[in-house]
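Below is one structure, written out as structure tokens; comments come after it.
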Amino acid sequence: MSAIRVFVPRDSAALAVGADALAAALLDQCRQRGRAIELVRNSSRGMFWIEPLLEVETAGGRMAYGPATAEDVGALLDAGLLEGGGQHPLALGPTEAIPFLARQERLTFCRMGITAPLSLLDYETYGGWQGLRRALALSPDAIVQEVLDSGLRGRGGAAFPAGIKWRTVAQASAAQKYIVCNADEGDSGTYSDRMTLEGDPFMLIEGMLIAGLAVAATKGYIYIRSEYPHAIASLVKAIALARHAGFLGPNVCGSGKAFELEVRKAAGAYVCGEETAMLESIEGRRGIVRAKPPLPALQGLFSQPTVINNVITLASVPLILAQGSSFYRDYGMGRSRGTLPFQLGGNIRHGGLVEKAFGLTLRELLYDFGGGSRSGRPIKTVQVGGPLGAYVPESQWDLPMDYEAYTAIGAALGHGGIVVHDDSADMAQLARYAMEFCALESCGKCTPCRIGSTRGVEVIDRIIRDQHRSQQLVLLQDLCDTMVHGSLCAMGSMTPMPVLSALKHYPADFGIAPPRPQAA
């Protein structure tokens, strides 16, 4: 009898709740019972509330069980786990039929949870390298045009059209050009980059290879946050495997074209998520924002033309080249094309990754996918787009989630982070934290950010204590305006976003009486 394939994730989220112990218990008990299994340490499906998620391959597809622990193994085996038996409280049925997964449109994350992350065979079996092979048969201009036509915009937060950036670098004249991947995922409540780096690293490598072909770059750097040790280890190993298989090096896939990759570990500074501060860090200097111009596309890393994109932007490219730009463009709405991996976190019952086309609503994410608050209390507010994103009140939860719709209300989708707060949240303290965070993480180069954030904490404290509140409110507005228009980068210019949105939508938390309705 052939060994039964059993899957236990190796993703950090699963490891944190006992996946290694679960895997060891499975091997041990199956050995004791004389049952042959092939244990596959796969990537995560992104359903974190049921991690570790144990899956068993059957003739009818994979059957899911979770959250499973080492202590559950005996009872699961007794209940027919290896046959896909459903007579156990942890049995969830066919994995693909779980509503959280079934309602998604997984394009970039199509292999997540299905493959072994470091298996070249798995990657190729499930569509890997198809985009690269097509790119090798196209001219650089044709590759850039595919990305332009797809409508792909930067997924790191700025939402700048990726194809325009690539075209700028492609048209620049230089002996050396670079591709830099910004994997310094520092936003609170975000983890799509980490999941990609740990769970499908060859996809990022393929995307960077295609970018290199498009702009005639021969060297790439991946700048990854030091707090991601498992992601770093996975990526380093994947690069070595890709190089050994001929996908990296002086002769990519026998094409005569060269491309090499190097991993650089970040030092823990949030501001190094800003592209020019990241370049300074890679070059061995303190991460301080550069003034623009010149643009990094013309004078970037080591003063050479450089494509800078984040992980999800580059990871979206292989599918676009493999399936064609129209396939990707057919998802989404308006100028927001394709999908975005939304990351549910905070006070949410079903935290996890939801890849959906632009156009769904925040209410759908919170309740259809997230299941409401974990505490069971009413949801009060949602911070969208990281620690510098706006607090979105319930009155705006039915807006379509696309870049332009959120910009119109003074918010931003950012990297897709969704952090939920229930009605016990103190919005004045959360607004204060935004200024405090900026003061702590500012690189210090520009005065509006360095000094403005410190003064912001003091002003909010005076508002809370009702020390000349009306004057302090005017001062806070003026201070925020200075930060928005005077800061060198988004660190300072976006810090007012959570402050002003909290003040606008939740004035009572600042001790301010809401305006009385106008008489008819």
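Taking the criterion of being in contact with an Asp or Glu (Cβ under 7 Å, 6 or more places away or on another chain) and either over 17 Å from ALA431 (Cβ atoms) or surrounded by 22 or more Cβ atoms within 10 Å (Cβ to Cβ) (or both), would at least one residue in the stretch 385-395 satisfy it?
Yes, the conditions are met somewhere in the stretch 385-395.
Confirm whether ALA434 is small (Gly, Ala, Ser) and either in contact with a Phe, Trp or Tyr (Cβ under 9 Å, 6 or more places away or on another chain) or not in a helix (DSSP H, G or I) (or both).
no
If you scan the stretch 274-286, which residues turn out to be closer than 21 Å to ILE179 by Cβ, of a type outside the set (Asp, Glu) and either at pLDDT below 90 or open to solvent by 40 Å² or more (accessible area, probe 1.4 Å) (or both)?
GLY284, ARG285 - these are the residues of the stretch 274-286 that are closer than 21 Å to ILE179 by Cβ, of a type outside the set (Asp, Glu) and either at pLDDT below 90 or open to solvent by 40 Å² or more (accessible area, probe 1.4 Å) (or both).
Would you mention how many residues in the stretch 119-131 are in contact with a Leu (Cβ under 7 Å, 6 or more places away or on another chain) and either surrounded by fewer than 17 Cβ atoms within 10 Å (Cβ to Cβ) or free of Cβ contacts under 8 Å to residues at least 60 places away in the same chain (or both)? I'd like the intermediate steps shown before the answer.
Of all residues in the stretch 119-131, those in contact with a Leu (Cβ under 7 Å, 6 or more places away or on another chain) come to 120, 131.
Those left that are additionally either surrounded by fewer than 17 Cβ atoms within 10 Å (Cβ to Cβ) or free of Cβ contacts under 8 Å to residues at least 60 places away in the same chain (or both): none.
The qualifying residues number 0.
If a residue must be closer than 21 Å to ALA158 by Cβ and open to solvent by less than 20 Å² (accessible area, probe 1.4 Å), how many such residues does the stretch 454-486 contain?
2
Suppose we filter the stretch 162-182 for residues that are of a type in the set (A, V, I, L, M, F, W, C), within 19 Å of LEU204 (Cβ to Cβ) and out of contact with any Phe, Trp or Tyr (no Cβ under 6 Å at 6 or more places or on another chain); how many remain? Even if it seems obvious, please write down each step before you answer.
Kept after step one, since they are of a type in the set (A, V, I, L, M, F, W, C), are these residues of the stretch 162-182: 162, 164, 166, 169-170, 172, 174-175, 179-181.
Still in the running and within 19 Å of LEU204 (Cβ to Cβ): 162, 166, 169, 179-181.
Now restrict to residues that are out of contact with any Phe, Trp or Tyr (no Cβ under 6 Å at 6 or more places or on another chain): 162, 166, 169, 179, 181.
Here the count works out to 5.
How many residues does the stretch 186-220 contain that are assigned to a loop (DSSP other than H, G, I, E, B), farther than 16 Å from ARG243 by Cα, open to solvent by 10 Å² or more (accessible area, probe 1.4 Å) and in contact with a strand residue (DSSP E or B) (Cβ under 9 Å, 6 or more places away or on another chain)?
So the count comes out to 5.
Taking the stretch 42-68 as the search range and keeping residues that are of a type in the set (Asp, Glu) and assigned to a strand (DSSP E or B), which one is least open to solvent (accessible area, probe 1.4 Å)? Step through it out loud before you land on a result.
If we filter the stretch 42-68 for residues that are of a type in the set (Asp, Glu), which is where we start, we get 51, 55, 57.
Next cut, assigned to a strand (DSSP E or B) only: 55, 57.
Numbers: GLU55: 1, GLU57: 84 Å².
Out of the qualifying residues, it is GLU55.
When the stretch 324-372 is examined, which residues are found to be of a type in the set (Gly, Ala, Ser) and closer than 17 Å to PRO99 by Cα? Can you show your working first?
Residues of the stretch 324-372 of a type in the set (Gly, Ala, Ser): 324-326, 332, 334, 336, 338, 345-346, 351-352, 357, 359, 370-372.
The answer is GLY351, GLY352, ALA357, GLY370, GLY371, GLY372.
Given the criteria buried (at least 18 other Cβ atoms within 10 Å of the Cβ) and either within 25 Å of TRP129 (Cα to Cα) or of a type in the set (Lys, Arg) (or both), does THR306 qualify?
yes
Against the definition (farther than 16 Å from LYS219 by Cα, under 20 Å from the mean Cα position of the chain (by Cα), in a loop (DSSP other than H, G, I, E, B) and at pLDDT below 95), how does GLY268 come out, yes or no?
Yes: the conditions hold for GLY268.
Please go through the stretch 315-361 and give me each residue that is surrounded by 23 or more Cβ atoms within 10 Å (Cβ to Cβ), farther than 17 Å from TRP49 by Cβ and aliphatic (A, V, I, L, M), ordered by number.
Hits for the stretch 315-361 are ALA315, VAL317, LEU319, ILE320, LEU321, LEU340.
Hey, any hits in the stretch 308-315 for a residue that's in a helix (DSSP H, G or I), out of contact with any strand residue (DSSP E or B) (no Cβ under 7 Å at 6 or more places or on another chain) and of a type in the set (A, V, I, L, M)?
Scanning the stretch 308-315 turns up at least one residue that is in a helix (DSSP H, G or I), out of contact with any strand residue (DSSP E or B) (no Cβ under 7 Å at 6 or more places or on another chain) and of a type in the set (A, V, I, L, M).
Of all residues in the stretch 19-41, how many are more than 32 Å from the chain's Cα centre (by Cα), of a type outside the set (Gly, Ala, Ser) and either under 14 Å from GLU71 (Cβ atoms) or open to solvent by 20 Å² or more (accessible area, probe 1.4 Å) (or both)?
Matching residues across the stretch 19-41 total 8.
Given the criteria under 27 Å from the mean Cα position of the chain (by Cα) and at pLDDT below 90, does MET491 qualify?
Taking the combined requirement at face value, the residue satisfies it.
So which residues in the stretch 69-105 are open to solvent by 60 Å² or more (accessible area, probe 1.4 Å), in a loop (DSSP other than H, G, I, E, B) and charged (D, E, K, R)?
ARG103
Restricting attention to the stretch 343-383, which residues are of a type in the set (Val, Ile, Thr) and part of a loop (DSSP other than H, G, I, E, B)? Let's see the steps before the verdict.
Restricting attention to the stretch 343-383, the residues satisfying the condition of being of a type in the set (Val, Ile, Thr) are 348, 354, 361, 379, 381-382.
Matches in the stretch 343-383: ILE348 only.
The values are calculated or read from the model by the stated rules, or taken from the named source; none is laboratory data. Computed from a predicted model, the values in this text were never measured in an experiment. Reconstructed Cβ throughout: ideal geometry from the backbone, glycine too, with neighbour counts over all protein chains shown. Side chains are part of the model used for accessible areas, which takes the heavy atoms of the whole protein and leaves out ligands, DNA and RNA. Shrake-Rupley method; radii C 1.70, N 1.55, O 1.52, S 1.80 Å.
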